[in-house]
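Quick notes on the structure that follows.
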Amino acid sequence: MNQTREFKQNYLKQEIIDKSFSPEEFLSYCNSFKGSDIDAYTFEELQLVVINFQILKISPPPESPASPTYPVLSESDETLSSKPQPPQKKIEAQSRQIDMQESRKSDSIAYSIQSCKMEDNILSLEEVITITLSPVEEVSGKILGSKQVYPVTTEPFGWVVKRQLDDFVWLRMVLSCLFPGVYLPPSPPKRFRSSGDASSKQKYFLERFINCIVRNPLMRRCTYLEAFLMDNDEKSFSDLKKRGIREKRINRIEDYWTMDGNVICDPFNDESEKVSLCEYLSVVEAMKKKIKRQSDEVIQALKGLSGLVMDIAKSYETLENVQSYIPEISGFKPLYSNLKSSFVFWSEHELKSAELFKNYFNMFFKYGYYEVGPLKEIFHEREQKHDQMLKSEAKLNQKKEKLWVTGDVSKWGLTNEDLWNASALKNDKTLALSKMCRKDQDDLNRLKDEFAYINFQSKSEMRKFLLDNQLIENLHFADFAKSICNHATKFHVSWGDLIANLSRIRTENIPLRSYISKVPKNA
């Protein structure tokens, strides 16, 4: 617990204090979530709160209509002010108000849109949750025969449920509908090349998949995930799956689920940053594929070395057996026996090395390049939204220009209020273009919001993905290093035992030859 707290404190120092944000304002912002107690947050929740706080502090708050101020008027001024404003003046005032409301979306400044807030549940209130899968089991089915299920255990709750591969795929489908633009780990392949250990490989993928989802503080609050992990009733879960299949992808930003009820949008299109991030993902994906192939070659080489060493052990066994022909020379038989045992251990050691490489490299990097794919899909969606927005904007501008040239106000798509002031609009092109095609303009603004949302999400989700993975990979390879260290120690001990045994054989079985000082080494 103390290490976890210290890790969180160091993270906050780097992200808040070192970046010149106000600690007091951050603590005040935290009070709208779980309060200012750092122990009340999981690290993933803390990351999300920090990111949202930084975005909100960098960008100005949404503008609200300012209270009007009036100068002191003379009697003549009051008389003038009581007269109705000319249509031209009224339209200009309305236009300025609309421009104020939309300026924050056109000035490349991040802004927020009110959306739906997710409530806490039993999962979100727990800091550390670990999910493990047991080996696959065959369970008899009703009509289609037996089916394969994986027992899924969720700690610290002690929940145990049995889920099929299709249940995991269903869960991902439902979450992708409910959380657009949020990173989801890849679904596991339905088939693996080597059928011998296919179930263990699939189990590895599924375990990484479900733990990744549970680490996301937003998705922890989802009732579908909660039921997936705890609902033991087969009929109840089947009904839930049917309901989930009917879920439609949420399209309106105002309906998106978030932790604080606000969606953050960033309209600034930084092409150089986008190119750098996409290049980074491509390199990471390619290198993880390459390391996977290289580790396969190492595994085969280690297995080959194991076979060669075992052949030497068999040769020593033959030499050991032939010593029965000359029993009076007693030093060879124990010598070759010990050498045989040492080389057998060496052979087994290389097989164990191959197994360690397989466990720590093979599946880890196979999953590693698979998990980059969904992140690239978010960037691809960003590109699609950007292209769609630009095409719609160009099309609408062209349409407005044509409508202005024709001069037929009835086709301008004005509101009823603007139609009353059509004559004034015909004398001001800029104002007229801003009033035309109100419905089309609303649709374009919606596309701009969608792009701004996925633009922010692509960077935010990548950052969270990398923060998550840097810790996972660090812990993984620290464990690998410990395993190699223990493995090497056993190898070292085995050769130490051989040295001791050969010394004993010299003492017990071989007469001393004083003129043999040492065995010459090869040059």
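Would you check which residues across segment 308-323 are of a type in the set (A, V, I, L, M) and either without any contact (Cβ under 8 Å) to a residue 24 or more places away in the chain or over 10 Å from Tyr336 (Cα atoms) (or both) and list them? Please lay out each step first, then the result.
Let us first name the residues in segment 308-323 that are of a type in the set (A, V, I, L, M), namely 308-310, 312-313, 319, 322.
Leu308, Val309, Met310, Ile312, Leu319, Val322 - these are the residues of segment 308-323 that are of a type in the set (A, V, I, L, M) and either without any contact (Cβ under 8 Å) to a residue 24 or more places away in the chain or over 10 Å from Tyr336 (Cα atoms) (or both).
Pairs needed: first member in segment 152-175, more than 19 Å from Ser236 (Cβ to Cβ); second member anywhere, charged (D, E, K, R); C-beta distance under 8 Å; at least 6 residues apart or different chains.
Correct list of pairs: Pro156/Glu126; Leu165/Lys190.
In segment 293-312, is there at least one residue being of a type outside the set (Ser, Thr, Tyr), within 27 Å of Met462 (Cα to Cα) and exposed (fewer than 15 other Cβ atoms within 10 Å of the Cβ)?
Of segment 293-312, the ones of a type outside the set (Ser, Thr, Tyr) are 293-294, 296-305, 307-312.
After this cut, where a residue has to be within 27 Å of Met462 (Cα to Cα) as well, the list is 293-294.
From the residues that got through so far, the ones that are exposed (fewer than 15 other Cβ atoms within 10 Å of the Cβ) too are 293-294.
Looking through segment 293-312, at least one residue is of a type outside the set (Ser, Thr, Tyr), within 27 Å of Met462 (Cα to Cα) and exposed (fewer than 15 other Cβ atoms within 10 Å of the Cβ).
Can you list residue pairs whose Cβ atoms sit under 9 Å apart, with the first residue in segment 14-30 being on the phi < 0 side of the Ramachandran plot and the second being buried (at least 17 other Cβ atoms within 10 Å of the Cβ) and assigned to a loop (DSSP other than H, G, I, E, B)? Count only pairs 6 or more apart in sequence or on different chains.
Glu15/Phe21; Cys30/Tyr41
Return the only residue of Glu417, Glu393 being surrounded by 12 or more Cβ atoms within 10 Å (Cβ to Cβ), in a helix (DSSP H, G or I) and either at pLDDT below 95 or not assigned by TED's automatic domain parsing to the domain that holds Asn455 (or both). Spell out how you get there, then give the answer.
Working: Glu417 fails: surrounded by 12 or more Cβ atoms within 10 Å (Cβ to Cβ).
The unique qualifying residue is Glu393.
Kindly indicate whether any position in segment 368-380 is within 30 Å of Ala478 (Cα to Cα) and outside any helix (DSSP H, G or I). Even if it seems obvious, please write down each step before you answer.
First pass over segment 368-380, keeping only residues within 30 Å of Ala478 (Cα to Cα): 368-376.
Cutting the leftovers down to outside any helix (DSSP H, G or I) gives us 371.
Yes - at least one qualifying residue is present in segment 368-380.
Can you say whether Lys314 is charged (D, E, K, R), part of a helix (DSSP H, G or I), at pLDDT below 95 and over 22 Å from His492 (Cβ atoms), as far as the supplied structure shows?
Working: charged (D, E, K, R): yes; part of a helix (DSSP H, G or I): yes; at pLDDT below 95: no; over 22 Å from His492 (Cβ atoms): yes.
For Lys314, the condition - charged (D, E, K, R), part of a helix (DSSP H, G or I), at pLDDT below 95 and over 22 Å from His492 (Cβ atoms) - is not met.
Filtering segment 181-203 down to residues that are under 17 Å from Gln164 (Cβ atoms) and within 17 Å of the chain's Cα centre (by Cα), which residue is modelled with the lowest pLDDT? Reasoning before the result, please.
Just the residues of segment 181-203 that are under 17 Å from Gln164 (Cβ atoms), to begin with: 187-192, 198-203.
Next cut, within 17 Å of the chain's Cα centre (by Cα) only: 187-188.
Working: Ser187: 85, Pro188: 79.
So, considering only residues that are under 17 Å from Gln164 (Cβ atoms) and within 17 Å of the chain's Cα centre (by Cα), the one modelled with the lowest pLDDT is Pro188.
Would you confirm, using the coordinates I've provided, whether Arg243 is without any contact (Cβ under 8 Å) to a residue 24 or more places away in the chain, basic (Lys, Arg) and more than 25 Å from Phe379 (Cβ to Cβ)? Reasoning before the result, please.
Numbers: without any contact (Cβ under 8 Å) to a residue 24 or more places away in the chain: yes; basic (Lys, Arg): yes; more than 25 Å from Phe379 (Cβ to Cβ): yes.
For Arg243, the condition - without any contact (Cβ under 8 Å) to a residue 24 or more places away in the chain, basic (Lys, Arg) and more than 25 Å from Phe379 (Cβ to Cβ) - is met.
Please go through segment 322-344 and give me each residue that is surrounded by fewer than 19 Cβ atoms within 10 Å (Cβ to Cβ) and in a helix (DSSP H, G or I), ordered by number.
Result: Val322, Gln323, Ser324, Tyr325, Phe332, Pro334, Ser337, Ser341, Val344.
Out of all the residues in segment 310-344, which are β-branched (Val, Ile, Thr) and either more than 15 Å from Asn509 (Cβ to Cβ) or touching an Asp or Glu at 6+ places or on another chain (Cβ under 8 Å) (or both)?
Applying the first criterion (β-branched (Val, Ile, Thr)) to segment 310-344 yields 312, 318, 322, 326, 329, 344.
Ile312, Thr318, Val322, Val344 - these are the residues of segment 310-344 that are β-branched (Val, Ile, Thr) and either more than 15 Å from Asn509 (Cβ to Cβ) or touching an Asp or Glu at 6+ places or on another chain (Cβ under 8 Å) (or both).
The values are calculated or read from the model by the stated rules, or taken from the named source; none is laboratory data. Quick caveat, the model's predicted, so the values are computed rather than measured. Virtual Cβ from ideal backbone geometry, glycine too; neighbours counted across all protein chains shown.
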